[in-house]
């Protein structure tokens, strides 16, 4: 037996977590019961059972022109009416009527690194966030849809509908993915998301964004979306990734993809310190990329998902 194989038999997070997820799925809460529990808890935390309280979270820009007004600091450049500027010399921006119903898409990263987690996998935590934001979206009168990406150029997707049955189906789709072993190979081409989105929409990205390092087309594709759509990125981090626990021997850590795995000796204080510095540098690099084309938040999977969404609601 090779040394590498011997080390892998000591601890392999993906295989263990997939087996645990499959076992947990046998007794998992049904999607309708799961949503009922989340709905009760988030209404409690928001302090109001009325969906109208947060209808304003999902403001659509609409397609029908309402008026023109002079440019003010902070206005989006893409709203600029260049013909008026050329004619009058005064910058003006376009205002549109708000859309009554917005398409809300959830992009769920289901590649191998998302199966990692101490208390729960990052994918399981993302599913809860999707369910909570999906509830608020539907109660505000909007449509919800899912893009489930497992590392292939052609992801599974469910077109948006404004019903709880739709959201339950999306939860079930993620649950089914969690029962399967993740793909160990990422295709070099990222899905062309603009081809899936037919209208202007809100897009929530749930991922640890490890793929940004190994799939160059991903950054280019995502960077094009804000020209038409509004993006929110949730960068998920597990506490174990931020600070390795000592005296666990040699452990593998994903570096972009399952094919790029670092082996860290957790008994070595210097190795742990070097890893932590490297991980923080990677986080900083990801945050800088994400901030260029979306509003983003770094979220620990140890945090309460209800509180995470409540804070997002208040910030909006």
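The values are calculated or read from the model by the stated rules, or taken from the named source; none is laboratory data. What you see is a predicted model, and the numbers here were worked out from it, not measured in a lab. All Cβ positions, even for glycine, are placed from backbone atoms using ideal geometry, and neighbour counts span all protein chains on display.
Some observations on this one:
- Of everything in segment 67-100 that is surrounded by 13 or more Cβ atoms within 10 Å (Cβ to Cβ) and in a loop (DSSP other than H, G, I, E, B), the residue that is modelled with the highest pLDDT is 91.
- Search result, residues across segment 134-145 that are surrounded by fewer than 24 Cβ atoms within 10 Å (Cβ to Cβ) and touching a strand residue (DSSP E or B) at 6+ places or on another chain (Cβ under 8 Å): 138, 142, 143, 145
- Residue 154 meets all of the listed conditions (1) over 21 Å from residue 41 (Cβ atoms); (2) outside any loop (DSSP other than H, G, I, E, B) but one, namely (2).
- Test: residue in segment 47-66 that is assigned to a helix (DSSP H, G or I), under 31 Å from the mean Cα position of the chain (by Cα), surrounded by 11 or more Cβ atoms within 10 Å (Cβ to Cβ) and modelled with pLDDT of 50 or more: yes
- The residues listed here are 205, 225; of these, the one that is in a strand (DSSP E or B) and assigned by TED's automatic domain parsing to the domain that holds residue 154 is 205.
- Residues in segment 125-136 include at least one that is closer than 29 Å to residue 45 by Cβ, assigned by TED's automatic domain parsing to the domain that holds residue 198 and free of Cβ contacts under 8 Å to residues at least 40 places away in the same chain.
- Residue in segment 106-113 that is touching a helix residue (DSSP H, G or I) at 6+ places or on another chain (Cβ under 6 Å), assigned to a helix (DSSP H, G or I) and either under 19 Å from residue 222 (Cβ atoms) or not assigned by TED's automatic domain parsing to the domain that holds residue 229 (or both) present: yes
- Taken residue by residue, segment 281-296 has no member that is free of Cβ contacts under 8 Å to residues at least 12 places away in the same chain, assigned to a helix (DSSP H, G or I) and more than 22 Å from the chain's Cα centre (by Cα).
- Checked against the criterion of being surrounded by fewer than 16 Cβ atoms within 10 Å (Cβ to Cβ) and not in a helix (DSSP H, G or I), the candidates 188, 160 yield just one match: 188.
- One residue alone among 299, 264 is touching a helix residue (DSSP H, G or I) at 6+ places or on another chain (Cβ under 7 Å), modelled with pLDDT of 85 or more and either surrounded by 13 or more Cβ atoms within 10 Å (Cβ to Cβ) or more than 25 Å from residue 223 (Cα to Cα) (or both), and that residue is 299.
- Residues that are touching a residue at least 24 places away in the same chain (Cβ under 8 Å) and within 19 Å of residue 133 (Cβ to Cβ) within segment 297-311 comprise 297, 298, 299, 300, 301, 305, 306, 307, 308, 309, 310, listed in sequence order.
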